[in-house]
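Asks: Structure in C-alpha cells, see below.
The values are calculated or read from the model by the stated rules, or taken from the named source; none is laboratory data. All values derive from a computational prediction rather than experimental measurement. Cβ atoms come from the backbone with ideal geometry, glycine included; neighbour counts cover every protein chain shown. Each accessible area value is taken on the protein alone, full model and side chains, heavy atoms only, with ligands, DNA and RNA left out. Shrake-Rupley method; radii C 1.70, N 1.55, O 1.52, S 1.80 Å.
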Amino acid sequence: MRCFLCLTAFVLSAHTATAHVVPNMTIEADFNQGGGYTLRMNLDPRVFLSDQPTSLPPVSADWYLNQTDEEKRVTYEKATEYLRANVGLTFNDEKVPLPACEFVALDGATYEEVKPDTTETHLLATGKSEVPEGADSFKIAFGRMANVSLILINGEEGNEERKPQVIFPGETSLPFKITRAAPAEKEALQATEVKGTQGNAGGYKVMSIFATSVVLIFITAGLVMRRRRR
C-alpha cells in the first residue's frame, strides 16, 4: 500500500508539474479530553479570489508579502467569509458557528511559513472552541459552492489513529465519535493545557500533521480531474 501511494503521488505530481496545481482544502479537527477542540483549516487563496479557482495559477509569495497590514486584514476577512459559507459544524444535531480564527501564510509545498521563494501560498486558519455540553458526535457539511474538494482529518487526544475523509462540495462528513473525560479529569486537563500554552508562547510552529496529508491531496486531485472528465 505504501509503494502504491508513493507511486500515485509521483505520477500525479509529474502530471501537475506542467499544469495548474488543483486547489484543495484540508481541515484538521483535534478534540481534547477536556471538552475543547481545535480546527486547523488549510486553504488555497484561489478559492476566494475567483469563483473558478482552477483557472488561476498557484499564488506566489509576492501576493501575500507585498500586502500592507490593511490589505492582509481584508484578505483574512475574505478567507473568513469563504470558510463561514462553506464549512458547517454540527455536534449531534446542533449546528454551531465557526470559531474566530487566526491566520498564518504557509508554503503550500512544505507547510512552513511563507518565504520569498514560495511558489504556492496557502493560508492556515486556526480556531478553537468548546464542544457543546452533552455532544458526542461531530460532522462537517461542505458547501455546494466551495469549488474544491476537502480532506478532513479527525483526531482525538490520546488516540494516535487519524481518520481522513475526502468530501466533495455539497457532501457531509461521516460522524466522528467524541469521548469526554470525567469532570475531575477535565479540570486537571484544562489546567495542564493552560500551563502548556504559557510555556510554548514563544514562536510559531506549523503542525506536522499537514505534511501527512500531501499524498491524500494528490489522490484527491486525481479524483477531481476524473470527475471533470466524466
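Asks: What number comes out for the charge environment of P58, summing +1 per Lys or Arg and -1 per Asp or Glu over other residues with Cβ under 15 Å away?
Replies: -3
Asks: Pairs to check: K72/K163; K78/K177; K78/K139; K95/K115; K115/K139. Give those whose C-alpha atoms are more than 30 Å from each other in this structure.
Replies: K72/K163; K78/K177; K95/K115; K115/K139
Asks: Roughly how compact is segment 25-177, stated as its Cα Rg over 2.2 N^0.38 Å to two decimals?
Replies: Against the empirical 2.2 N^0.38 Å value, I get 1.06 for segment 25-177.
Asks: Defining a contact as two alpha carbons under 8 Å apart and six or more residues distant in sequence, what relative contact order in percent does segment 93-183 show?
Replies: 23
Asks: Further question: With the full set of protein chains in place, find how many percent of the accessible area of segment 25-177 is carbon and sulfur; take the probe as 1.4 Å.
Replies: That fraction is 47 percent.
Asks: Looking at segment 25-177 only, what percent of DSSP beta bridges run antiparallel? Nearest 5 please.
Replies: Bridges in segment 25-177 that DSSP calls antiparallel: roughly 85 percent.
Asks: Would you please give the residues with an amide H less than 5 Å from that of G108, counting only those at least 5 places away or on a separate chain, with H modeled from the backbone geometry?
Replies: E120, T121, H122
Asks: Net charge around A100, counting only other residues with Cβ within less than 11 Å of its Cβ (Lys, Arg = +1; Asp, Glu = -1)?
Replies: +1
Asks: About its Cα centre, what dipole magnitude does segment 25-177 give when the only charges are +1 on Lys and Arg Cβ and -1 on Asp and Glu Cβ, stated in debye to the nearest 20?
Replies: 420
Asks: Can you tell me the order of 147-159, 33-45 when each peptide is scored by its average per-residue count of other Cβ atoms within 10 angstrom, highest first?
Replies: Ranking the peptides 147-159, 33-45 by packing returns 33-45, 147-159.
Asks: Per 0.36 nm of contour for each residue apart, how much would the distance between N92 and S55 grow if the chain were fully extended, relative to their Cα-Cα spacing?
Replies: 9.6 nm
Asks: For segment 25-177, calculate the relative contact order in percent as a whole number, restricting contacts to Cα pairs under 8 Å that are 6 or more residues apart.
Replies: 30
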